[in-house]
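Chemist: Sharing a structure below in structure tokens format, with a few things to ask.
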């Protein structure tokens, strides 16, 4: 299973088997059940999660008391509340398994030690954060620019399998509208 | 002037004078006039900009034909269209000087060579991207969660000097509302 992580590392850096064993020793592997929470609002955000299989999501409870999903992570994606993680602060978010998942977990102190012991991991994480930042800059543009309907079609066209795979009420939550409105858009498209 | 860049590097990595000279050789220094465009929609995004003094902003032209500001960069901030920069693609954004500014510019190929020649710069850029990503994740939360009025007060409380310094129509553009609406909020607060 950890082969998925090795393959992801090899997209960005060259890595020997002995190095990979050393790197992997900094992580715990964990199986999580569907709907299990890895992090809850108010807790200190201690960990960074890498998805080996399955799917996690990040959400917060908005002032209407409903769950607003801000992020998903499928295979080979990292997820955490990066702001709280770096500072060892409490979080405003939840991280929950959308599906039964298998994940790697690294704590903040372990991640810092990993970077010192294996400096090539600086290059790996530089790429991970660079791409995540670039994606979130585009996301901010779309949040300003797209109508609700356009944001659905943009997501659908970019990631059709993902939209099929994830429960529709979570897609609606991610796009910031109600499940009813999402059905309306989808029905309009069918007719 | 490049001392500002050295100080920023030293926040994250230890650096000798001879190394700093070597690093600086990868950059051009440039003075830009107020309202000068460094990047325009449709151009290949070749460069990454570090602000030594002054202020840059990033915006796109939305479907109403108005400028939607998505980002500012003041002293010691990096700015580019990261998505297009990494891929050597054309951009959907403009980058423009808000004030007369002095900046460092590095092109993509130069940045790649810099990282190879000075591997400790991987650690520096890992921090830069990690923090930028964390900030943009919080920004996405606020875009979902805050009313227009709250988003103004949040920005004002977090960066009062910045809000005073920047022309109010640009603050309005960044927050996604009209200059008139911004005056209304400010007047309401005064009365």
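The values are calculated or read from the model by the stated rules, or taken from the named source; none is laboratory data. As the structure is a prediction and not an experimental result, all values here were calculated from the model. Cβ atoms come from the backbone with ideal geometry, glycine included; neighbour counts cover every protein chain shown.
Chemist: Within the range B:72-83, identify whether any single residue is on the phi > 0 side of the Ramachandran plot and surrounded by fewer than 22 Cβ atoms within 10 Å (Cβ to Cβ), and answer yes or no.
Modeler: yes
Chemist: While we're looking at this one, here's another question. Looking at B:131, B:123, B:139 in this structure, which one is touching a residue at least 60 places away in the same chain (Cβ under 8 Å) and out of contact with any strand residue (DSSP E or B) (no Cβ under 7 Å at 6 or more places or on another chain)?
Modeler: It is B:123.
Chemist: Here is a further query. Any idea which residue in the range A:62-95 is nearest to residue A:167 (Cα to Cα), counting only those that are at pLDDT 95 or above, facing chain B (nearest Cβ under 9 Å) and part of a loop (DSSP other than H, G, I, E, B)?
Modeler: Here the residue is A:93.
Chemist: Under 7 Å by Cβ, and 6 or more places apart or on different chains, what pairs join a residue from the range A:161-178 that is more than 23 Å from residue B:142 (Cα to Cα) with one that is in a helix (DSSP H, G or I)?
Modeler: Pairs found: A:163/A:155; A:163/A:156; A:163/A:171; A:168/A:179; A:168/A:182.
Chemist: While we're here: Determine whether the range B:97-119 contains at least one residue that is farther than 28 Å from residue B:26 by Cα, within 13 Å of chain A (Cβ to nearest Cβ) and surrounded by fewer than 17 Cβ atoms within 10 Å (Cβ to Cβ).
Modeler: There is no residue in the range B:97-119 that is farther than 28 Å from residue B:26 by Cα, within 13 Å of chain A (Cβ to nearest Cβ) and surrounded by fewer than 17 Cβ atoms within 10 Å (Cβ to Cβ).
Chemist: Mind listing whichever residues of the range A:151-177 are within 14 Å of chain B (Cβ to nearest Cβ) and loosely packed, with under 14 Cβ neighbours inside 10 Å?
Modeler: Matches in the range A:151-177: A:158 only.
Chemist: Kindly establish whether residue B:46 is away from chain A (no Cβ under 14 Å) and either buried (at least 16 other Cβ atoms within 10 Å of the Cβ) or in contact (Cβ under 8 Å) with a residue 60 or more places away in the chain (or both).
Modeler: yes
Chemist: How about the range B:15-61: which of its residues are assigned to a loop (DSSP other than H, G, I, E, B) and in contact with a helix residue (DSSP H, G or I) (Cβ under 8 Å, 6 or more places away or on another chain)?
Modeler: Those that are assigned to a loop (DSSP other than H, G, I, E, B) and in contact with a helix residue (DSSP H, G or I) (Cβ under 8 Å, 6 or more places away or on another chain): B:15, B:26, B:27, B:45, B:46, B:55.
Chemist: Would you confirm, using the coordinates I've provided, whether residue B:127 is closer than 18 Å to residue A:128 by Cβ, out of contact with any helix residue (DSSP H, G or I) (no Cβ under 8 Å at 6 or more places or on another chain), within 12 Å of another protein chain (Cβ to nearest Cβ) and part of a helix (DSSP H, G or I)?
Modeler: Here the answer is yes, as residue B:127 does meet what is asked.
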